[in-house]
1. Could you list all residues from the range 128-145 that are closer than 26 Å to Val181 by Cα and open to solvent by 30 Å² or more (accessible area, probe 1.4 Å)?
2. Report, by residue number, each residue of the range 88-113 that is closer than 12 Å to Thr172 by Cβ, outside any loop (DSSP other than H, G, I, E, B) and either free of Cβ contacts under 8 Å to residues at least 60 places away in the same chain or of a type outside the set (Gly, Ala, Ser) (or both).
3. Could you please find all residues in the range 102-115 being over 15 Å from Val152 (Cβ atoms) and open to solvent by less than 60 Å² (accessible area, probe 1.4 Å)?
4. Before we move on, is Arg77 open to solvent by 30 Å² or more (accessible area, probe 1.4 Å), modelled with pLDDT of 90 or more, basic (Lys, Arg) and not in a helix (DSSP H, G or I)?
5. Going through Val181, Val152 one at a time, which residue ends up being over 26 Å from Leu62 (Cα atoms), under 22 Å from the mean Cα position of the chain (by Cα) and assigned to a strand (DSSP E or B)?
6. Quick check on Asp170: is it surrounded by 11 or more Cβ atoms within 10 Å (Cβ to Cβ) and more than 30 Å from Gln102 (Cβ to Cβ)?
7. So the check is Cβ under 7 Å with 6+ separation or different chains; which pairs have a first residue in the range 119-141 that's more than 19 Å from Met160 (Cα to Cα) and of a type in the set (Ser, Thr, Tyr) and a second one that's assigned to a strand (DSSP E or B) and open to solvent by 50 Å² or more (accessible area, probe 1.4 Å)?
8. Going through Gly15, Gly71, Gly50 one at a time, which residue ends up being touching a helix residue (DSSP H, G or I) at 6+ places or on another chain (Cβ under 9 Å), assigned to a loop (DSSP other than H, G, I, E, B) and under 20 Å from Glu207 (Cβ atoms)?
Amino acid sequence: MNFHEVRFPASLSFGSVGGPERRTDIVTLANGFEERNTPWAHSRRRYDAGLGMRSLDDIETLISFFEARQGQMFGFRWKDWSDFKSGAATAEVDKADQIIAQGDGKTTEFQLIKTYSSGGFNYVRPIIKPVLGTVKLGLEQDGMREGVDFEVDLARGRVMFTIAPPEDVDITAGFEFDVPVRFDTDKIQTSVASFHAGDVPNVPVVEVRV
């Protein structure tokens with residue numbers, strides 16, 4: 001795949017603006033009612049990396065990263081500072097943060113997910129790019145040990161148990177994660193004079209499906 005397992009410098013993504021977007025098709029009927037439908041099962045996130053630039057050294061780092069990705073050619077990891085944990089933003093990652101599946105006594109591989117809940121409705125988001133060393137798993141109240149009880153595929157966001165979890169047992173997980181993205185432009189325009197005057201480059205970044 002055209003994806004580099006490298007993270008955009010987190011110090012530069014801090015201060016960026018962005019978040020999830022949805023695509024909704026709306027048809028207004030003759031009686032004034034609406035029919036709404038969406039072709040997207042999952043939201044897509046967009047960011048502006050330019051707003052995180054604070055110095056000319058940051059600009060140089062950005063250009064080096066952009067050139068190494070060959071513009072839009074190669075995707076990369078992005079830390080979304082507003083949503084990068086399985087639990088609350090101010091809480092430590094805990095193995096009980098998310099219920100990701102139930103055991104059936106046979107299946108050993110499971111996808112990491114994060115569930116967003118509001119007003120009795122849920123959205124389940126697949127987590128594709130967990131962060132190295134942050135994944136914690138539990139079976140009911142029992143903590144599992146990475147490298148002994150399970151392994152993590154950091155490129156796909158899947159966990160593989162050594163022994164299949166027992167039937168009807170909740171499999172829980174806690175983790176930090178990145179968003180798979182690419183640059184949404186093939187050019188970066190910068191000016192030293194403009195930067196010193198307070199203008200920052202426009203560097204759009206968009207989530208990709210991997």
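The values are calculated or read from the model by the stated rules, or taken from the named source; none is laboratory data. For clarity, every value in this text was computed on a predicted model and none was experimentally measured. In this analysis, Cβ positions are derived from the backbone assuming ideal geometry, glycine residues included, and neighbour counts consider all displayed protein chains. The protein model used for the area step is the full one, side chains on, heavy atoms only, and it has no ligands, DNA or RNA in it. Shrake-Rupley method; radii C 1.70, N 1.55, O 1.52, S 1.80 Å.
1. Selection gives Ile128, Leu132, Gly133, Lys136.
2. Within the range 88-113, the first condition is being closer than 12 Å to Thr172 by Cβ, and the residues that meet it are 93-103, 110, 112-113.
Imposing the further condition that a residue be outside any loop (DSSP other than H, G, I, E, B) reduces the set to 98-102, 110, 113.
Residues satisfying the conditions are Gln98, Ile99, Ile100, Gln102, Phe110, Ile113.
3. At the first step, the residues of the range 102-115 found to be over 15 Å from Val152 (Cβ atoms) are 102-107, 114-115.
Residues satisfying the conditions are Gly103, Gly105, Thr107, Lys114, Thr115.
4. Working: open to solvent by 30 Å² or more (accessible area, probe 1.4 Å): no; modelled with pLDDT of 90 or more: yes; basic (Lys, Arg): yes; not in a helix (DSSP H, G or I): yes.
So Arg77 does not fit the description; no.
5. Working: Val181 fails: over 26 Å from Leu62 (Cα atoms).
One residue alone meets the criteria, Val152.
6. Values: surrounded by 11 or more Cβ atoms within 10 Å (Cβ to Cβ): yes; more than 30 Å from Gln102 (Cβ to Cβ): no.
The answer is no for Asp170.
7. The qualifying pairs are Tyr123/Tyr116.
8. On the way: Gly71 fails: touching a helix residue (DSSP H, G or I) at 6+ places or on another chain (Cβ under 9 Å); Gly50 fails: assigned to a loop (DSSP other than H, G, I, E, B).
That would be Gly15, the only listed residue that is touching a helix residue (DSSP H, G or I) at 6+ places or on another chain (Cβ under 9 Å), assigned to a loop (DSSP other than H, G, I, E, B) and under 20 Å from Glu207 (Cβ atoms).
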